[in-house]
Amino acid sequence: MEYAGSEPLMPTAVKILIAGGFGVGKTTMVGSVSEVPPLETEERMTQASEGIDDLAGVEDKITTTVAMDFGRITIAPELVLYLFGTPGQSRFWFMWDDLAVGALGAVVLADTRRLEACFASVDFFERCQLPFAIGVNCFGGRRDCTPEEVRTALDLEPSTPVVMCDVRKRESSKEVLLALLESAKAQAAARAAQRSF
């Protein structure tokens, strides 16, 4: 910890959301990158969710997040990220407004086998005007399309980062978070420049 005079400099705490559709790897990302044991609210799926949760493309999934995931990662001595993984099913979307309060930005995880699963997250963050980055989770090393193809399919602004990743790997997950931070910083600088005119 650095000191200015006799007072320690406290790190800046930043809230980041990890969002996306059902089964895209949100819990896995929080768990892979967190420097503390992550808080997970995974519960076993039961027959009660049949016909409600769409398992197309994730038929082998047996657990689901029912509230949120939480983890922490120190990016630099002066910067700590607090990660909040959102639930992906539409029945839990009512929680997104509360989770977004005070967030600097979000990572939207996408699975190219079912890109439509992240449409709701992209729409939500665009409406909130909250900076976000797309993390294309390459399941099993699959790279079915390029970042530009994902950008076109999701109709994203050129400034929105699209990063190919494997959320099981800490360094890969960190790359997505760093891309989000750089984008959020650039957007804040652009807004400040507009206000100064």
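The values are calculated or read from the model by the stated rules, or taken from the named source; none is laboratory data. Everything quoted here is computed from the prediction, not taken from an experiment. Here the Cβ is made from the backbone with ideal geometry for all residues, glycine too, and neighbour counts use every protein chain on show. Protein only, heavy atoms only, side chains kept; ligands, DNA and RNA dropped before computing areas. Shrake-Rupley method; radii C 1.70, N 1.55, O 1.52, S 1.80 Å.
Projecting label points 7 angstrom from Cα along Cα→Cβ for LEU39 and CYS138 puts them 3.4 nm apart. Couplings 3J(HN,Hα) of region 128-136, computed from phi: 6, 6, 9, x, 8, 10, 9, x, 8 Hz, in residue order, whole Hz [Karplus 6.51 cos²θ - 1.76 cosθ + 1.60, θ = phi - 60°; x for Gly and Pro]. Spin-label model, ASP155 to GLN129: label points 7 Å out along the Cα-to-beta-carbon direction sit 2.0 nm apart. Annotation: amide H of ILE18 within the under-5 Å range of PHE84, GLY85, THR86, VAL107, sequence separation 5 or more or interchain, hydrogens built in the peptide plane.
Split the accessible area of region 123-197 by element, probe 1.4 Å, and carbon with sulfur accounts for 52%.
Computed with a 1.4 Å probe over protein heavy atoms only, the accessible surface of region 127-197 comes to 61 Å² per residue.
A full extension of the chain between ASP98 and ARG191 corresponds to an added length of 31.0 nm, given 0.36 nm per residue minus the alpha carbon distance.
Highest mean first, how do 170-176, 109-115 rank when packing is the count of other Cβ atoms within 10 Å averaged over residues?
On the way: 170-176: 18.9, 109-115: 20.6.
The peptides rank, most packed first, as 109-115, 170-176.
Label-to-label distance, CYS145 versus ILE75, with points set 7 angstrom from Cα along the beta-carbon direction: 2.7 nm.
Shown here is the pair-distance distribution of region 110-197: with all Cα-Cα distances grouped in 10 Å bins from zero up to the longest one, the shares run 16, 47, 28, 7, 1 percent.
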